[in-house]
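Structure provided below as structure tokens; questions to follow.
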Amino acid sequence: MKVTVNDSCIACGACESVCDAVFSVDDKAVVNANAVAGNEDCVKEAADCCPVNAIEVE
Ligand code: SF4
């Protein structure tokens with residue numbers, strides 16, 4: 001699974017709240033790619049929660 005955050009991110013913090021192992025939010029959300037394996041469920045949940053659909057999952 002490849003996870004990226006596009007430029008639509010408004011740094012709302014929702015993804016970090018749902019899945020803090022993978023996402024950390026400063027100016028925008030940053031993905032810890034090394035933590036994606038094993039956290040796929042919360043990555044998908046975060047993508048669903050994102051209000052601007054900035055999280056892209058492949
Ligand atoms: S939930 Fe979406 S908009 Fe909010 S910080 Fe995460 S990627 Fe950015």
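Where residues in the range 1-30 are of a type outside the set (Gly, Ala, Ser), within 7 Å of the ligand (Cβ to nearest atom) and within 12 Å of ALA47 (Cα to Cα), which of them is surrounded by the most Cβ atoms within 10 Å (Cβ to Cβ)?
CYS15
So which residues in the range 32-58 are of a type in the set (S, T, N, Q), in a loop (DSSP other than H, G, I, E, B) and either over 18 Å from GLY13 (Cβ atoms) or away from the ligand (no atom under 12 Å from the Cβ) (or both), if there are any at all?
Matches in the range 32-58: ASN32, ASN39.
We did not get these values from a lab; they are worked out from the coordinates using the rules stated. Please read all numbers here as calculations on a predicted model, not as lab measurements. Every residue, glycine as well, gets a Cβ built from its backbone with ideal geometry; the counts of neighbours run over all protein chains shown.
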